[in-house]
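Report on the structure given below.
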Amino acid sequence: MLLALGVGKAEAVHHLVEGAVSALWPATALQLHPHVTVLLDPGAASRLQLKDYYRETYAAKPTWQEL
């Protein structure tokens, strides 16, 4: 699980979620984990280019997949 809060984490979150795995951004290694959960506040999510898609996908999750 990764919890990111605030706009100061937005760039790292962007690389984690939408970038390639890289030693420059250690959190990107979580992309290789089969069961990671990322929790963000609006500030930390502010640089995500596909945030609307992520919100829609989460909203459509079956109840058995919720947190």
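A simple count of charges around A59, restricted to other residues whose Cβ falls under 12 Å of its Cβ and scoring Lys, Arg +1 and Asp, Glu -1, yields -1.
When the P(r) is computed for the chain, the part past 17 Å accounts for 44% of the Cα-Cα pairs. Per-residue ellipticity at 222 nm computed for the chain from its helices equals -7500 deg cm²/dmol, with DSSP H segments shorter than 4 residues left out and the rest contributing -39,500 (n - 2.57). Arranged from fewest to most other beta-carbon atoms within 10 Å of their beta carbon, T63, T28, T57 become T63, T57, T28.
Where a number appears in this text, it was derived from the coordinates with a stated rule and is not lab data. Bear in mind the structure is a predicted one, so any value in this text is a computation, not a measurement. No Cβ is skipped: glycine too gets one built from the backbone with ideal geometry, and neighbour counts run over all protein chains shown.
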